[in-house]
Amino acid sequence: MAAYYHSIVLDEKLCMGCTNCIKRCPTEAIRVHDGKARIFNEKCIDCGECVRTCPYHAKVAQTDSLDIMANYKYTIALPAPTLYMQYDLKFTRQHVVTALKMLGFDAVYEVARGAEIVTAVTDQYMEEHRENLPLISSACPAVVRLLQARFPSLLPRLLPIKSPMEISAMNARKEFCQQNPGVKSSEVGVFFISPCAAKMTGVRNPIELKKSNVNGVFSIKSVYFKLLKQMSKLKEPEDLLKAGYKGVRWASIGGEARALKTQNVLSVDGIQNVVRIFEQLEDDKLDDVDFIEACACTGGCLGGPLTVENLYVARNRQRQHRDTTPTILEPVAPEEMENCMFETYPQYLDVTTLDADRTEAIKKLRRMNEICEELPKLDCGACGAPSCRALSEDIVRGKANVTDCVFVLRQKVRDLAREMMILEGLMPSDSSKEKENEE
Amino acid sequence: MSEEIIRLHYDINDEDFSAAGEASSGVKKTLSALGVSPETVKKVAIAMYEAEINAVIHADGGEADIEITPEEIKVVISDRGPGIPDMEKAMEPGYSTATETVRELGFGAGMGLPNMKRYTDEMYIDTKLGEGTTVTLIVKI
């Protein structure tokens, strides 16, 4: 497996070595060793659960600094639909988009438009591929990683359509170069304004094409106040909008599914809920559904770890946007729908196999079960692993010792003490004293 | 030899059907820890689920025993139900003796045994009227 870049990293200085993150990680990718949390890169799916959970803010989702805009002659901003809902309703979408230009971007392309294109392509694809239903949305990068690591048999059901971000970046660049003759594609920097930690990983290691069309990812947090300042100065916002509510509502769970022609859809949010639905789908228990929209974050992108506003407040604002925005502003044109299909396909990332040799793997699993039997099954996390079972696996893989368990250690110390007392009783104490006296 | 076998056991309870999901999920996790291919894991999960459903609708539950060796996965589902009166008919796709209530719940489509056969390499059924049924499913790795 090639080295895999992750956006989520640990700030060692801030980590207290507590067990909050290890208990919440859906893929058991974190351990506490030597008082600091360690992330197993191959298991992490960048869902952002630990970023939200850590009480000391020691988990950080790395994003780019706004300074990298200077590396390009021209710049385009791609605001995620979630950005609009971060602000009070007196700031309209026009305000947000205009303020992005005031911040120094030469153009703005709404990712909500990219989302509308994905919907149009999906409708078409589903009509042509009725035999492979239900399809699973490929929009959430953490969900795609989850499929690769834990549900490989469902990978053929993944909708092979690029993400709204990638399609927006591709079309934004193309449009900008067409409108400004003489501009070279390499001179244009395209930047996604993200509610999502996994999108950063998706740009560095894209799954659907070899090289991402996005040149950098800025977190919503990092531009929030800068935009607010510009908007409070702004009197006459420009009208630069192309997306209707159909694309804007992708910010919430249900938005992608409700935009489709078929309404025999299932929308699931929150990574643990997604796991349960995928388990059912894997057992062939969900064959009466056409489409599954799955978001790792509760509430969908509005619940993303890089957002500013509370999910429920933001969701209410989205409903207000619905009342003031037409469903469609401009129908999707055929040329916008070009090159939207996957160019590469996500592969199975095996992180569970104990040993490549099956006989050896069986032996290891048996040992793992035996070790687990000896552990107290309290899943206390004091050893640094999220559960007794996870500790047994770490021991078998040579990454931990059974004495990492405080209960096993306590028992061993007690046994040792008892043994010493027994030995003490057996010592020929009198004769040795006599010897000492003689000397 | 016993060093190279993994045994799992689950009770199939008709009152807590989510337990069937747990059994399936436990078997899947075990198989992927052993490096069994996703396609094979899927076959085992589906066949086992069908057999568990049968034990629940026809016999109010039973037991599942799983044995995994480097060569094959053997799933034995046994119940103390009424037994299968006509084996030939039971194997016909669409044939079912399930009650109307069970069908209304979306089960009893008559695809249980045909599906189990489809997803396994070997299938053996041992049934005695009034005593119960044991279904043995074997999937080669």
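The values are calculated or read from the model by the stated rules, or taken from the named source; none is laboratory data. If you're wondering where the values come from, they're calculated on a predicted model, not measured in any experiment. Here the Cβ positions follow ideal geometry from the backbone for every residue, glycine too, while neighbour counts run over all protein chains shown.
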Give the number of residues within segment A:1-41 that are under 25 Å from residue A:216 (Cα atoms) and touching a Phe, Trp or Tyr at 6+ places or on another chain (Cβ under 7 Å). 1
Just checking, how many residues over segment A:109-145 are β-branched (Val, Ile, Thr) and either in contact with a Lys or Arg (Cβ under 6 Å, 6 or more places away or on another chain) or at positive phi (or both)? 1
Within segment A:264-278, how many residues are modelled with pLDDT under 95, surrounded by fewer than 21 Cβ atoms within 10 Å (Cβ to Cβ) and in contact with a helix residue (DSSP H, G or I) (Cβ under 8 Å, 6 or more places away or on another chain)? 1
If I filter segment A:279-298 down to residues being within 17 Å of the chain's Cα centre (by Cα) and in a loop (DSSP other than H, G, I, E, B), which single residue comes out as surrounded by the fewest Cβ atoms within 10 Å (Cβ to Cβ)? A:298
Picking from A:120, A:172, A:149, A:115, the residue that is among the hydrophobic types (A, V, I, L, M, F, W, C) and modelled with pLDDT under 95 would be A:149
Residue A:71 within 22 Å of residue A:150 (Cβ to Cβ) and either of a type in the set (S, T, N, Q) or touching a Pro at 6+ places or on another chain (Cβ under 6 Å) (or both): no
Of all residues in segment A:211-262, count the ones that are in contact with a strand residue (DSSP E or B) (Cβ under 9 Å, 6 or more places away or on another chain), assigned to a loop (DSSP other than H, G, I, E, B) and under 21 Å from residue A:124 (Cα atoms). 3
Filter segment A:155-194 down to the residues that are closer than 19 Å to residue A:81 by Cα and of a type in the set (Phe, Trp, Tyr), then identify the one that is surrounded by the most Cβ atoms within 10 Å (Cβ to Cβ). A:192
Residue list for segment B:65-85, filter: touching a strand residue (DSSP E or B) at 6+ places or on another chain (Cβ under 6 Å), modelled with pLDDT of 90 or more and surrounded by fewer than 22 Cβ atoms within 10 Å (Cβ to Cβ): B:65, B:67, B:72, B:74, B:76, B:78
Those helices (runs of 4 or more DSSP H) completely within segment A:330-439 that have 3 or more residues that are surrounded by 12 or more Cβ atoms within 10 Å (Cβ to Cβ) are A:358-374, A:388-396, A:406-426
Residue check: is residue A:30 assigned by TED's automatic domain parsing to the domain that holds residue A:325 and over 18 Å from residue A:141 (Cα atoms)? no
When you scan segment B:16-129 for helices (runs of 4 or more DSSP H) that lie fully inside it, which ones turn up with 2 or more residues that are over 22 Å from residue B:5 (Cα atoms) and more than 11 Å from every other protein chain (Cβ to nearest Cβ)? B:38-59, B:87-90, B:100-104, B:112-119
